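Please read the structure below before turning to the comments.
The values are calculated or read from the model by the stated rules, or taken from the named source; none is laboratory data. None of these values were measured; they are calculated from a predicted model. Here the Cβ positions follow ideal geometry from the backbone for every residue, glycine too, while neighbour counts run over all protein chains shown. Just so you know, the surface numbers come from the protein's heavy atoms only, side chains and all, with ligands and any DNA or RNA stripped out. Shrake-Rupley method; radii C 1.70, N 1.55, O 1.52, S 1.80 Å.
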Number of protein chains: 2
Amino acid sequence: MPSEAVAKPPCVILCGPQMGENIGACARAMKNCGLSDLRLVDPRDGWPNPAANAMAAHAEDIVEAATVFETLEAAVADLSYTYATTARSRDQVKPVFTARGFAQDARARASDGQKIGLLFGREREGLWNSEISLASAMITVPLNPGNTSLNIGQAVLLVGYEWWTAGDLTPDVVLEASGAQPASHQMLDNFLNRLITDLDERSFLAIPEKRERMIRNVRNIFQRNDLTENEINTLHGIFSFLKGQGGPR
Amino acid sequence: MPSEAVAKPPCVILCGPQMGENIGACARAMKNCGLSDLRLVDPRDGWPNPAANAMAAHAEDIVEAATVFETLEAAVADLSYTYATTARSRDQVKPVFTARGFAQDARARASDGQKIGLLFGREREGLWNSEISLASAMITVPLNPGNTSLNIGQAVLLVGYEWWTAGDLTPDVVLEASGAQPASHQMLDNFLNRLITDLDERSFLAIPEKRERMIRNVRNIFQRNDLTENEINTLHGIFSFLKGQGGPR
């Protein structure tokens with residue numbers, strides 16, 4: 001069984017695409033998402049189409065390698081599972097995935113060696129019902145019911161994005177520190193102790209019953225901040241300067 | 001504390017947008033994702049801009065309600081947490097969220113009554129570092145490192161899509177049955193028993209040591225299919241017709 005690492009991304013099949021610009025936009029979105037196999041069924045304006053190349057930005061390779069088929073049946077002949085994208089219910093008894101659900105399902109199939117495909121319809125009309133009946137399942141991207149209309153480049157982007165992120169390990173949030181070291185608790189303590197000593201010297205913390213709470217509040221301002229070593233040093237410099245012990249930096 | 005139901009969606013702040021078409025595309029993507037508060041900082045071609053309206057499709061209301069600011073400081077003045085979108089590392093010590101991580105964080109903040117904002121940069125250049133330093137955090141959408149370039153309408157769409165789906169309850173997959181009832185196990189059993197009886201009569205299952213396995217295989221073809229009542233009835237009709245017991249339907 002092939003491993004996840006060699007899972008082949010789904011191919012993208014555009015059924016009856018009209019404007020070359022839209023085909024180029026689809027190629028560009030595919031490249032954003034690690035997809036590369038573009039198939040065109042009966043493109044209205046013939047193929048190749050210079051408008052597609054012009055719009056493809058960094059994805060000219062995908063446009064140039066695109067394959068053309070006369071029928072959808074021929075375009076999907078070598079695939080074992082296909083998902084038809086639709087913006088609305090189509091009165092066909094078939095599983096309907098969200099884009100995220102598709103990505104989970106498709107990753108599992110691709111890891112198992114299956115060749116899978118995504119069907120996108122023509123501008124305005126979408127996929128015909130006869131085309132949807134050729135697919136194994138449907139995908140409807142959940143969007144604001146007040147406006148679910150997407151052009152095909154955007155539809156390819158959202159579905160492709162879910163495919164890409166399902167295989168992406170970027171953590172939900174990290175502190176970008178550009179190589180800077182996070183400060184240790186001891187380094188932060190040294191800074192806070194210096195600050196508190198300074199404040200005590202100038203009687204900022206003179207009211208005993210409020211002192212402990214004030215120190216805790218001041219500590220929390222800095223403690224929750226994920227400070228780097230450089231930033232602690234910057235703060236030391238600022239305090240020295242304010243106290244007349246250092247020059248401008 | 002306000003409930004999730006009244007969580008205010010983030011506003012979208014475009015810094016130095018150039019082409020009106022791109023502003024319109026952003027408004028359209030916002031509408032797809034349930035966002036409505038569009039703010040423009042120093043739009044190059046002035047405001048209002050007919051090209052934005054023309055591109056906005058179903059989102060003219062967002063374009064018409066957009067507010068214009070001279071500076072980013074003024075545009076974010078009433079917000080308490082802001083996310084700057086960037087395609088690449090920016091050498092600033094700040095949390096970096098994925099688009100999905102942003103959505104979790106922002107939903108929590110919005111549910112807590114915070115007013116939040118999303119910053120998007122100008123075409124080609126993106127956000128300036130001085131603009132990023134005004135934001136609380138950054139968002140970098142994980143994409144294929146081979147092509148991370150998005151136009152601003154696409155960037156608004158991906159980030160907005162994560163905001164929308166974080167509050168969306170659509171199940172990952174359902175069977176679209178258009179009101180049709182799923183068949184009960186008993187209804188499926190009746191059909192399979194009829195089929196097996198027919199096959200036995202014609203000695204299709206005549207080899208005893210293979211019979212049990214063949215029945216199991218045939219059962220699995222239909223059992224895993226999530227058949228509806230109508231589909232079972234259709235299958236009964238087909239079998240009757242093949243046996244010469246029924247007319248065309």
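Here are some notes:
- 1.4 Å probe accessible area per residue over the protein assembly as shown, in Å²: 50 Å²
- Equivalent ellipsoid semi-axes - Cα gyration tensor, chain B, angstrom: 58, 20, 17
- Paramagnetic reach from B:T148 in the range B:69-95 [backbone N under 20 Å; point 7 Å along Cα→Cβ]: B:83-95
- Comment: the Cα-to-Cβ extended label point of B:L205, at 7 Å, lies 8.5 nm from its counterparts in the other copies, nearest first.
- Taking both sides together, the accessible area buried where B meets A is about 4300 Å² for a 1.4 Å probe.
- In Hz, Karplus ³J(HN,Hα) per residue of the range B:190-203 (6.51, -1.76, 1.60; θ = phi - 60°; x = Gly, Pro): 4, 5, 5, 5, 4, 4, 5, 4, 4, 5, 5, 4, 9, 6
- Scalar couplings 3J(HN,Hα) for the range A:149-154, obtained by applying the Karplus form with A = 6.51, B = -1.76, C = 1.60 to θ = phi - 60°, are 6, 10, 7, 5, x, 5 Hz; x denotes Gly and Pro.
- Coordinate range of the alpha-carbon atoms in the protein assembly as shown per principal axis, descending: 104, 53, 41 Å.
- Accessible surface of A:R219 - all protein chains present, 1.4 Å probe, nearest 10 Å²: 70 Å²
- Using alpha carbons only: equivalent-ellipsoid semi-axes of the range B:132-203, gyration tensor based, whole Å: 55, 17, 10
- Computed helical MRE - 222 nm, the protein assembly as shown, DSSP H runs ≥ 4 contributing -39500 (n - 2.57), nearest 500: -13000 deg cm²/dmol
- Shielded residues, the range A:167-202 - accessible-area loss of 30 Å² or more between chain alone and all protein chains, probe 1.4 Å: A:D172, A:V173, A:V174, A:L175, A:E176, A:S178
- For A:I139, distant residues with modelled amide H under 5 Å away: A:A84, A:T85, A:T86, A:F97
- Counting DSSP beta bridges with both ends in the range A:4-166, the antiparallel % (nearest 5): 5 percent
- Accessible surface of the range B:126-205, 1.4 Å probe, proportion on carbon and sulfur as whole %: 55 percent
- Sites B:R219 and A:W128, calculated FRET efficiency, Cβ-Cβ separation with R0 45 Å, nearest 0.05: 0.85
- Heavy atoms of B:S133: accessible area, 1.4 Å probe, square angstrom to 10: 70 Å²
- Anchor B:K31: lysines whose Cα lies under 28 Å away (excluding residues fewer than 8 positions away in-chain): A:K31, B:K8, B:K115
- Part-to-part distance (alpha-carbon centres) for the range A:38-61 and the range B:92-133, which is given in Å: 34 Å
- A loss of 30 Å² or more of accessible area (1.4 Å probe, protein heavy atoms, ligands and nucleic acids excluded) relative to the isolated chain is seen in these residues of the range A:55-104: A:H58, A:D91, A:V93, A:V96, A:T98, A:R100.
- Total formal charge among the other residues, if their Cβ is under 15 angstrom from that of B:T170, Lys/Arg +1 and Asp/Glu -1: -4
- Here the range B:9-115 has 51 percent of its accessible surface on carbon and sulfur atoms, given a 1.4 Å probe and all protein chains in place.
- The label-point distance for A:T71 and B:S203, in a model that sets each label 7 Å from Cα toward Cβ, rounds to 3.9 nm.
- Extending 7 Å from Cα along the Cβ direction at A:R88 and again at A:L242 yields two label points whose distance is 6.2 nm.
- Largest GNM mean-square fluctuation across A:A87, A:A137, A:A206, computed for chain A with C-alpha springs under 10 Å, falls on A:A206.
- The range A:1-105: Rg to Rh, with Rh as the Kirkwood radius over Cα pairs: 0.98
- Heavy-atom accessible area ranking, 1.4 Å probe, most first, across B:F239, A:F97: B:F239, A:F97
- Whole-Hz Karplus values for the range B:47-59 come out as 7, x, 9, x, 5, 5, 4, 4, 8, 6, 6, 8, 10 Hz, taken residue by residue from phi with 6.51 cos²θ - 1.76 cosθ + 1.60 and θ = phi - 60°; glycine and proline positions read x.
- From the Kirkwood radius over Cα pairs of the range A:178-229, Stokes-Einstein at 25 °C and 0.890 mPa s returns a whole-number translational diffusion coefficient of 205 µm²/s.
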